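Read-outs: derived from the displayed coordinates by stated rules, not from any lab. Predicted model, so just to flag it, every value in this text is computed and none were measured. Don't worry about glycine lacking a Cβ; one is built from the backbone with ideal geometry, like all the others, and counts go over all protein chains shown.
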Amino acid sequence: MSDDFKGSIAQQYISFSAITVQGAETGENYYSVVLFAGDAEAGNLLVTAPAIGDVIELSSSNFAELTKGALLTDLTAFYAANSLTKVYVVIYDDALVTTGTFVAGAVTALTTQFNLQKHLGYFKLMTLSNNIPAHVALATLCDADTLLSKSWIPANDAGMLLADSVTSMYAVAVAANTDPVIVYHPTKNGALAQLGMTLGALNGSGTPVGNSVDYIAMDSINPSGTAGANLDAASVTVLTNHKCGFFLTVGDGTGNIALKGGKTIKGNLPGAQWVVQYINYMSATRAANYLTQLNRFRNNSTYRAILNILVTLLTVFEGIGRLSGTKITAPAFANLPASAGDAIIIPNAWEAYFNDGVRTVQVQGTLYIS
């Protein structure tokens, strides 16, 4: 009989049960952007005036109807070749901000919103384009929170082209011992334009993480020189020595331009920082998900599962060419150092080489004439 379940052995004496575990898509913040805008200035940037503490989520489909003024211009360049990225505008209290200053109260107000919303996006910028202290204040906050934050600064002051300026965006950032990515353009938001290209395409990881952070041909911005021309040699030398990015023509007849940069002002590689912090973040969240399932004991099985989480992530970035020579150098479980009963401490778990972009090519040859 096909209807004999009622009252049967199967019904009364045998049962199966399963635990429902809710999952979530993590890591999206590593390819999202946060713009901090003051309450007073936001009225010139957003169609609907916001309040302090508001967060406005923008995308390629809604930014044009929600923004205006300089922000609309900047985001038009950002979304010119990008339909993927979320941009969050976070409103802080800028009642104490005046042109060229960013006093302690403003720093406190910015810090409050930074701590509340820093998880929304890894790439963080200010909308106060002419306020050098404001950008440096944000860069300082980002330097103290490298797992979740990297500061990108669009510099437009003329002092950027002077080797001995003590008031330029670069000079003030150096004096504050910060380490942002600085992109120079006299009239455009070069930092946002570049991030639009970097974050606008998925790679083999299924995300934009690990994409090039400069040397991407684009037509949404012009060169960093006067009236859209290439910079003169002296200016190129200053910016290069200061490890600040600038735009110049590709030179292939297309009219496209590209950013030459790829470093922080301390000479670090923001692309490498981006990848390693993403790996750290995703490893932590996936390990937390694994360890909070029933019966995850301190044994070799759990140890191997945690390492496999790491291996999976490293393999992805080796597959797209960002990493090479990847090795898992963690010891066997039995050889782990003695530790508290509920801790797993893995010294020297992995190593790999980061493959940066190619920015200079020299090819030599010989022509024989007989």
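Structure values in brief
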{"read-out": "For q = 0.12 Å⁻¹, Debye-computed log10 I/I(0) when each Cα of region 189-330 counts as one equal scatterer", "value": "-0.63"}
{"read-out": "Calculated on alpha-carbon atoms, Rg and Dmax of region 209-276 in Å", "value": "12.8, 39"}
{"read-out": "Rounded if a/c under 1.5, otherwise prolate or oblate - region 290-347, Cα gyration tensor axes", "value": "oblate"}
{"read-out": "For peptides 108-119, 289-300, sequence by mean Cβ density within 10 Å, most packed first", "value": "108-119, 289-300"}
{"read-out": "Derived scalar couplings ³J(HN,Hα) [region 6-15; Karplus, 6.51 cos²θ - 1.76 cosθ + 1.60; whole Hz; x for Gly, Pro]", "value": "4, x, 7, 4, 4, 6, 8, 10, 10, 9"}
{"read-out": "Peptides 238-248, 43-53, 353-363 ordered by average Cβ neighbours within 10 Å, highest first", "value": "238-248, 43-53, 353-363"}
{"read-out": "Cα-based shape type of region 28-274, given that a ≥ b ≥ c are square roots of the gyration tensor eigenvalues and the cut on a/c is 1.5", "value": "rounded"}
{"read-out": "Set of lysines with alpha-carbon distance to Lys266 below 17 Å, sequence-local pairs under 8 removed", "value": "Lys150, Lys243"}
{"read-out": "Centroid-to-centroid separation of region 30-53 and region 154-217 [C-alpha atoms, Å]", "value": "20 Å"}
{"read-out": "MRE, 222 nm, helices only [DSSP H, n ≥ 4, -39500 (n - 2.57), over the chain, to nearest 500]", "value": "-9500 deg cm²/dmol"}
